[in-house]
1. Of all the residues that make up the range 167-189, how many are surrounded by 20 or more Cβ atoms within 10 Å (Cβ to Cβ) and part of a strand (DSSP E or B)?
2. Of everything in the range 317-357, what is modelled with pLDDT of 95 or more and assigned to a strand (DSSP E or B)? Give them in sequence order.
3. If you check every pair at least six apart or on different chains, which have Cβ atoms under 6 Å apart with a residue in the range 148-168 that is under 24 Å from V14 (Cβ atoms) first and a residue that is in a loop (DSSP other than H, G, I, E, B) and not β-branched (V, I, T) second?
4. Mind checking which pairs have a first residue in the range 241-265 that is within 18 Å of L330 (Cβ to Cβ) and a second that is among the hydroxyl-bearing types (S, T, Y) and away from the ligand (no atom under 12 Å from the Cβ), Cβ under 8 Å, 6 or more apart or different chains?
5. Just need a number here: residues in the range 141-166 that are modelled with pLDDT under 95 and in a loop (DSSP other than H, G, I, E, B).
6. Applying the selection to the range 235-252, what residues are more than 10 Å from the ligand (Cβ to nearest atom), out of contact with any helix residue (DSSP H, G or I) (no Cβ under 6 Å at 6 or more places or on another chain) and in a helix (DSSP H, G or I)?
7. Pull out all pairs, ordered by first then second residue, where Cβ-Cβ is under 8 Å, the residues are six or more apart or on different chains, the first lies in the range 217-232 and is without any contact (Cβ under 8 Å) to a residue 40 or more places away in the chain, and the second is of a type in the set (K, R) and crowded, with 22+ Cβ neighbours inside 10 Å.
8. Identify all residues within the range 143-186 that are touching a Lys or Arg at 6+ places or on another chain (Cβ under 8 Å) and either under 17 Å from R227 (Cα atoms) or away from the ligand (no atom under 16 Å from the Cβ) (or both); write none if there are none.
Amino acid sequence: MKAPSDIAPTVTTVRVELGARAYDIAIGGGLLAQAGKRIAGIKPKAKAAIVSDENVAKHYLERCERSLEDAGIKTSRIVVPAGEGSKSFSIYEQVVNSILDARIERSDLVIALGGGVVGDLAGFAAATALRGVGLVQIPTSLLAQVDSSIGGKTGIDTRHGKNLVGAFHQPILVLADTDILDTLPPREFRSGYAEIAKYGLINDERFFGWLEKNWQGVFKGGEERVRAVATSCRAKAAIVARDEREAGERALLNLGHTFAHALEAATGYSERLLHGEAVAIGIVLAYRLSAKLGLCPQTDCDRAAAHLKAVGLPTRLTDVKGGLPDSTKLLNLMRTDKKVEHGSLVFVLARGIGKAFVAKGVEIGPVRALLDEARRDP
Ligand code: GLY
């Protein structure tokens, strides 16, 4: 995409190279105000149904609508309740019907203005309404900016688990306005930060080292935050470009997630444990398991845990308030996750910082021993 001349130069652009479905992720301050111009630059005649949640809509929906209308894009709004509960069949049905009520056509757009829940829900509605409508992601949480808005995974939850019904549907543009993150509650920002640290741990030790030195700047805002978000988006874009459908390498993005999803399920996907908090604990458990299996030096395991702890993230099972079920129950929850192949557990393990790899067929014994041990951490 060619940037119009009046667009601020401080914006970093990352390209997701997917051939005919390639798209840009624009990252920087003030992008919400530029949404209309940027979208009109790609789809000048489109109408747009903006999907948002009640919290985000209060702060940003009118600004988004104004920017689009000023650029000649007609808008309609679909506002859903905030929270994971909106990733349900019933809300999905409402969103799709509202898109059709708004007479959106295939050449028009659905815009997801919100965090991960809105992105996944609106993305799935866009993937399926009229067998596919163009999608623009305007992620408003750190987690959505560095992870869920990129790469085309969309979906809703079922009684069998999270994200079990969905589709791959790449957006045509992602606008990550880093100024919006100033209003995030600190706990939510920290939760999103776990996914940033994850990219360093997966395959970029230099980035991890930079984060160890500069994380306070990332939390404060400004240049360091833009750099951390852009580096994360670049890391994810590269992996998605090589393995869009998760046939192999993309699974690395699940570092910490096999444990995390079990912990989220055990705590009822509630405020007790946010997704990124569960990921932080899951990453540390994945490193501990790697060390236990003799794959990773204990010093690297300690270094990963120390950084996540330094930023204020939970890193131990005993950090989860209200207690957790026993190891057997946690193992059962891991087995019901998508990260199971032919009935055996798939983990992302590590040979060190920045040296993650996918390990299939991991034996239950050491995992159970680790959980038993971790449940007794002081
Ligand atoms: N969040 C993991 C992925 O997009 O593959």
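The values are calculated or read from the model by the stated rules, or taken from the named source; none is laboratory data. Just so you know, these numbers come straight off a predicted model, no measurement behind them. Methodologically, a virtual Cβ is constructed for each residue, glycine included, from the backbone with ideal geometry; neighbour enumeration extends over all protein chains shown.
1. Taking the range 167-189 and keeping what is surrounded by 20 or more Cβ atoms within 10 Å (Cβ to Cβ), we get 169-171, 173-178, 180-181, 189.
Imposing the further condition that a residue be part of a strand (DSSP E or B) reduces the set to 173-177.
Total satisfying the criteria: 5.
2. V348, L349, A350, A356, F357
3. From the range 148-168, the pairs are G152/H169; G152/Q170; T154/H169; F168/G152.
4. So the pair list comes out as A265/T336.
5. So the count comes out to 2.
6. A237, A238, A241
7. If the second residue must be of a type in the set (K, R) and crowded, with 22+ Cβ neighbours inside 10 Å, the pairs left are G217/R225; V218/R225.
8. Of the range 143-186, the ones touching a Lys or Arg at 6+ places or on another chain (Cβ under 8 Å) are 146-147, 150-151, 155-157, 161-164, 166, 168, 170, 172-173, 175, 178, 181.
V146, D147, I150, I172, L173, L175, T178, L181 - these are the residues of the range 143-186 that are touching a Lys or Arg at 6+ places or on another chain (Cβ under 8 Å) and either under 17 Å from R227 (Cα atoms) or away from the ligand (no atom under 16 Å from the Cβ) (or both).
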